[in-house]
Amino acid sequence: MKAAELGLELDGEVIGRVLDELKRLEHEGYHFEVADGSLELLLRRAAGWTADYFTVESFRVITDHDAAVARSGVGVPVAGVNTEATVKVHVGGERIVAVAEGNGPVNALDGALRGAIGSKYPALDHIHLTDYRVRVLDTGRGTGAVTRVLVDTTDGEQTWTTIGVSENIIEASWQALYDSIVFGLLRAS
């Protein structure tokens, strides 16, 4: 029904593959009922669409802890944390490397990605993340638990949600962030 709502024509074989893929992903922890942006991208890809805005070569996040960076008013050290992200992408045959600092890894990744592709896609000026949620899916595994990340994004007219799932919270966050930007560029085009 969602494919028809989007104007996508999927034959029986493709619908079968999409349903199998959805079952597999939901078994891994994806929850597409709340991630309309990621679901639409999945359906469009199944119909043959490719997101050719940019390709990601790599990304990296570094977080430094420096107790000397900040101190509380009573002389007790407060942890100073600096986060930096580097993103390497290819846009139209050009390799671009961008670095940004942020108040955490997702903010830094968002800044670096926007720094890399923003001049090529002015529509990004209107696309903003509005919410970021993390849920631990298998709490009995401690730091090895699978996490689900949901990112809400708006272009000022519509809001969409994207999802990422991984044992690595940075990877799950990147998946959701990537989909949010690609979906926003799709809407803008």
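Only residues that are small (Gly, Ala, Ser) and in contact with a strand residue (DSSP E or B) (Cβ under 8 Å, 6 or more places away or on another chain): list them for segment 106-120, please. Talk me through it step by step, then tell me what you get.
Going through segment 106-120, the residues small (Gly, Ala, Ser) turn out to be 108, 111-112, 115-116, 118-119.
Residues satisfying the conditions are Ala108, Gly111, Ala112, Gly115, Ala116.
Across segment 49-108, what is the number of residues that are hydroxyl-bearing (Ser, Thr, Tyr) and at pLDDT 95 or above?
In the first step, residues of segment 49-108 are kept if they are hydroxyl-bearing (Ser, Thr, Tyr); the result is 50, 53, 55, 58, 63, 72, 83, 86.
From what is left, the residues that are at pLDDT 95 or above are 53, 55, 58, 86.
Going through segment 49-108 one residue at a time, the tally reaches 4.
I'm trying to understand the selection: among the residues of segment 17-52, which are assigned to a loop (DSSP other than H, G, I, E, B), touching a residue at least 40 places away in the same chain (Cβ under 8 Å) and out of contact with any Lys or Arg (no Cβ under 6 Å at 6 or more places or on another chain)? Show your work before the answer.
Here is the first cut: in segment 17-52, the residues assigned to a loop (DSSP other than H, G, I, E, B) are 29-31, 35, 47-52.
Then drop every residue that is not touching a residue at least 40 places away in the same chain (Cβ under 8 Å), which leaves 29-31, 35, 47, 51.
Across segment 17-52, the qualifying residues are Tyr30, His31, Ala35, Ala47, Ala51.
Among the residues of segment 142-189, write down those that are among the small types (Gly, Ala, Ser) and closer than 17 Å to Gly29 by Cα.
Of everything in segment 142-189, those that are among the small types (Gly, Ala, Ser) and closer than 17 Å to Gly29 by Cα turn out to be Gly142, Gly144, Ala145, Gly164, Ser166, Ala172, Ser173, Ala176.
Inspect segment 121-131 for any residue being assigned to a strand (DSSP E or B), crowded, with 17+ Cβ neighbours inside 10 Å, touching a strand residue (DSSP E or B) at 6+ places or on another chain (Cβ under 9 Å) and of a type outside the set (D, E, K, R) and give the result as yes or no.
So far as segment 121-131 goes, yes, one or more of its residues are assigned to a strand (DSSP E or B), crowded, with 17+ Cβ neighbours inside 10 Å, touching a strand residue (DSSP E or B) at 6+ places or on another chain (Cβ under 9 Å) and of a type outside the set (D, E, K, R).
Would you mention how many residues in segment 13-61 are surrounded by fewer than 16 Cβ atoms within 10 Å (Cβ to Cβ), touching a Leu at 6+ places or on another chain (Cβ under 9 Å) and under 21 Å from Tyr121 (Cα atoms)?
Adding up the residues that qualify gives 2.
Name the residue that is nearest to the chain's Cα centre (by Cα), counting only residues in segment 141-189 that are over 25 Å from His126 (Cα atoms), of a type outside the set (D, E, K, R) and assigned to a helix (DSSP H, G or I).
The qualifying residue nearest to the chain's Cα centre (by Cα) is Ile169.
The values are calculated or read from the model by the stated rules, or taken from the named source; none is laboratory data. Here the structure is a predicted model, which is why all the values come from computation and not from measurement. Please note: Cβ atoms are built from the backbone with ideal geometry, for glycine as well, and neighbour counts cover all protein chains shown.
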